[in-house]
1. Taking the options Asn236, Asn317, Asn272, name whichever one is farther than 21 Å from Val208 by Cβ and open to solvent by less than 60 Å² (accessible area, probe 1.4 Å).
2. Any idea which residue in the stretch 114-150 is nearest to Leu276 (Cα to Cα), counting only those that are touching a residue at least 12 places away in the same chain (Cβ under 8 Å), in a loop (DSSP other than H, G, I, E, B) and of a type in the set (D, E, K, R)?
3. Quick one: which residue in Phe168, Phe139 is surrounded by fewer than 20 Cβ atoms within 10 Å (Cβ to Cβ) and in contact with a helix residue (DSSP H, G or I) (Cβ under 7 Å, 6 or more places away or on another chain)?
4. Would you pick out the residues in the stretch 171-193 that are touching a strand residue (DSSP E or B) at 6+ places or on another chain (Cβ under 6 Å) and on the phi > 0 side of the Ramachandran plot?
5. How many residues are away from the ligand (no atom under 16 Å from the Cβ) and within 20 Å of the chain's Cα centre (by Cα) if we restrict to the stretch 21-48?
6. Within the stretch 49-81, how many residues turn out to be within 16 Å of the ligand (Cβ to nearest atom) and not β-branched (Val, Ile, Thr)?
7. Find the strands (runs of 3 or more DSSP E) located wholly in the stretch 5-113 whose residues include 1 or more that are surrounded by fewer than 16 Cβ atoms within 10 Å (Cβ to Cβ) and of a type outside the set (A, V, I, L, M, F, W, C), and list them.
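The values are calculated or read from the model by the stated rules, or taken from the named source; none is laboratory data. Note that the coordinates shown come from a computational prediction; the quantities given were computed from them, not determined experimentally. Cβ placement follows ideal geometry from the backbone for every residue including glycine, while neighbour counts extend to all protein chains displayed. Keep in mind that these areas ignore ligands, DNA and RNA; they rest on the heavy atoms of the full protein, side chains included. Shrake-Rupley method; radii C 1.70, N 1.55, O 1.52, S 1.80 Å.
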Amino acid sequence: MKPKLLIARAIFPEIVEKLSNYFELEENQDDIIFSETELVARLQGKFGMLCTSSARVNTSLLSQVPSLKVVSTIAVGYDNFDLAACTKFGVMATNAPDVLNETTADFAWALMMATARRVTEAEHWLRAGHWEKWSYNAFLGADVHGTTLGILGMGRIGRAIARRARGFDMRVIYHNRSRLDPSAESEAGGAIYVDKETLLRDSDHLIVVVPYSAAAHHLIGEAELAQMKSSATLVNIARGGIVDDAALIRALQEKRIAAAGLDVFENEPRFNPGFLTLSNVVLTPHIASASQATRLAMANKAVDNLVAALEGRVPPNLLNNDVLQKTSIE
Ligand code: 8YV
């Protein structure tokens, strides 16, 4: 008998087919967001779970599902996993990094450019039938080329964003927990390491790419927004909660910064409705990694992790290595 797997969200048919070679599957192609109680019920007797960022895996859940051995998320971010709890309960936790770096970097640029050049605002105006004559000063925005790009968080996606700045003759500055080595800096568009204050003060366009953690909560809040240029744009493709959305809405209302491009929000999908009252925002529903090819590649990575766990190998993207002492995997 094959071990059982819960596929907690709707997923590509080819992924379901692939998984069915290894596991007895319980699917959710109706894509219902399960509450913890529902998830616990569905996980009874399951060896593993394929999930996304919407599934919270913590002590409360794990203490009720003793059969569970592996949880595999189709995401690079894993703030929905309590890794210490996973280790305590002997559960391997895996993510799906790398394959989304370039696609996500493309999207950060799309948001930055749409925000700086007021693309969606202008389109809404056109669609609403307001275009009666051309005007020299309609929708004047900010230039992207030749300006200073700031990147907060210089991991793999941050570096892919920085590389693209070369073609736009931009000066790239960044702040990160640790400084990159000189060769990595030069590959990343000649990025210059600065302290957080300088990053906030000097960026014409600031892109947030840090992973979410308790320490990163409201990393950009009232005080940080106050240090930015009034002409600056802010882009967040990382996670809701890193930016204080209420503080950002106030700053945008009062034009203390020019505009924001946001793919992630606090409490998404029920984000702060204050954003909808603003014209100087570009808002997208957490789609930075959403190209057909990349989402499929991410799902395939997540499958590889599950199959490795099943076959007694160390999953390629194991997040809690210390769990190996608690499993039979060498
Ligand atoms: C995921 C993301 O697709 O990878 C991440 O961390 O934010 C997205 O690319 C999304 O979180 C669903 O799991």
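1. Every option except Asn317 fails the conditions.
2. Filtering the stretch 114-150 for residues that are touching a residue at least 12 places away in the same chain (Cβ under 8 Å), in a loop (DSSP other than H, G, I, E, B) and of a type in the set (D, E, K, R), the one nearest to Leu276 (Cα to Cα) comes out as Arg118.
3. On the way: Phe168 fails: in contact with a helix residue (DSSP H, G or I) (Cβ under 7 Å, 6 or more places away or on another chain).
After applying the criteria, what remains is Phe139.
4. Gly189, the sole residue that qualifies.
5. Count: 0.
6. To start, the set of residues in the stretch 49-81 that are within 16 Å of the ligand (Cβ to nearest atom) comprises 49-57, 71-81.
Adding the requirement that they be not β-branched (Val, Ile, Thr) leaves 49-51, 53-56, 72, 75, 77-81.
The qualifying residues number 14.
7. Details: elements: 24-26, 48-51, 70-73, 92-94.
In the stretch 5-113, the matching strands (runs of 3 or more DSSP E) lie at 24-26.
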